[in-house]
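Notes to accompany the following structure.
The numbers here are math on the coordinates, done by the rules we state, and not lab data. The shown structure was predicted, so the numbers you read here are calculated from the model rather than taken from an experiment. Backbone-built Cβ (ideal geometry, glycine too); neighbour counts: all protein chains shown.
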């Protein structure tokens, strides 16, 4: 890894795919391990002699996934965080960087939403959002009782290549889901709800740059940060942009499906704190991000 860090990556590959990191394997500084973090013994084996842990592991998917597997999500995610933090405490890790989620702000009423608004925001409705909030509380509790330093990072709708769409609509995130439908020729294009929902899509390269800056910044210890592109985009506009990028020639036309029970209408971050403390803000525009994703997905289809 750039900067002289030795990196160990561990995953159970229930969602992630080995081919996503295959080109890194064989390099001594990039170790890959298979591990199920709901098993505490696996956590101890993975953590071993590491100094800093990025805790990204969780059950995650699109809006359909949240509605279909609420018990599985909250059960597994709580076990994962508890096991990893206990193993980190035992191993005297210097700091845990917990990758939370913008979904802790599912019921926010302040826009753009700053970090401090979490205290005024009702608990999330979905089990996924609630599980990520529980993870944040775990971090704070382990700091207060055991002195385990942490940093909480809340990505807002990260987008990038190598996120595969699923067979069932709604199980993956919205961009892989829409890209698949558009490129296979669906007409009209189906979306859930009226499309007025807004999100702030963030290139994964911008997000990971923020993660590294937070790791290096002492002022980030025991702090929380929103990591997102503050540009608000309606889902209907996202779909139209993807339609154009994918090269569809037919007039843009939507078919509106019934919305899911829990579909947040608006989610917009304030990133003032990240700017001031981490000297971070996103630099990659949404259109370029979508072009990058569509280009990767087209190559994937050719390879098949």
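Annotation: of all residues in region 45-77 being part of a helix (DSSP H, G or I) and in contact with a helix residue (DSSP H, G or I) (Cβ under 6 Å, 6 or more places away or on another chain), the one that is farthest from residue 172 (Cα to Cα) is 47. What do you reckon, is residue 225 surrounded by 15 or more Cβ atoms within 10 Å (Cβ to Cβ), in contact (Cβ under 8 Å) with a residue 40 or more places away in the chain, in contact with a strand residue (DSSP E or B) (Cβ under 8 Å, 6 or more places away or on another chain) and outside any loop (DSSP other than H, G, I, E, B)? Against the criterion (surrounded by 15 or more Cβ atoms within 10 Å (Cβ to Cβ), in contact (Cβ under 8 Å) with a residue 40 or more places away in the chain, in contact with a strand residue (DSSP E or B) (Cβ under 8 Å, 6 or more places away or on another chain) and outside any loop (DSSP other than H, G, I, E, B)), residue 225 qualifies.
Pairing each residue of region 254-268 that is under 17 Å from residue 238 (Cα atoms) with any residue that is surrounded by fewer than 12 Cβ atoms within 10 Å (Cβ to Cβ), provided the two are 6+ apart or on different chains, yields C-beta distances under 9 Å for 265/196.
Condition test on residue 168, is it surrounded by fewer than 22 Cβ atoms within 10 Å (Cβ to Cβ) and either in contact with a strand residue (DSSP E or B) (Cβ under 7 Å, 6 or more places away or on another chain) or free of Cβ contacts under 8 Å to residues at least 12 places away in the same chain (or both)? Answer is no for this residue.
Per-residue answers, yes or no, for (1) touching a helix residue (DSSP H, G or I) at 6+ places or on another chain (Cβ under 9 Å); (2) not in a helix (DSSP H, G or I):
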| site | (1), (2) |
| --- | --- |
| 267 | yes, yes |
| 273 | yes, no |
| 281 | yes, yes |
| 288 | no, no |
| 296 | no, no |
| 301 | yes, no |
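The single condition from (1) in a helix (DSSP H, G or I); (2) more than 15 Å from the chain's Cα centre (by Cα) that residue 104 fails is (2).
Here is a yes/no grid of residues against (1) within 27 Å of residue 268 (Cβ to Cβ); (2) touching a residue at least 60 places away in the same chain (Cβ under 8 Å); (3) touching a strand residue (DSSP E or B) at 6+ places or on another chain (Cβ under 9 Å); (4) buried (at least 20 other Cβ atoms within 10 Å of the Cβ):
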| position | (1), (2), (3), (4) |
| --- | --- |
| 48 | no, no, yes, no |
| 51 | no, no, yes, no |
| 56 | yes, no, yes, no |
| 59 | yes, yes, no, yes |
| 66 | yes, yes, no, yes |
| 72 | no, no, no, no |
| 79 | no, no, no, no |
| 83 | no, no, no, yes |
| 100 | yes, yes, yes, yes |
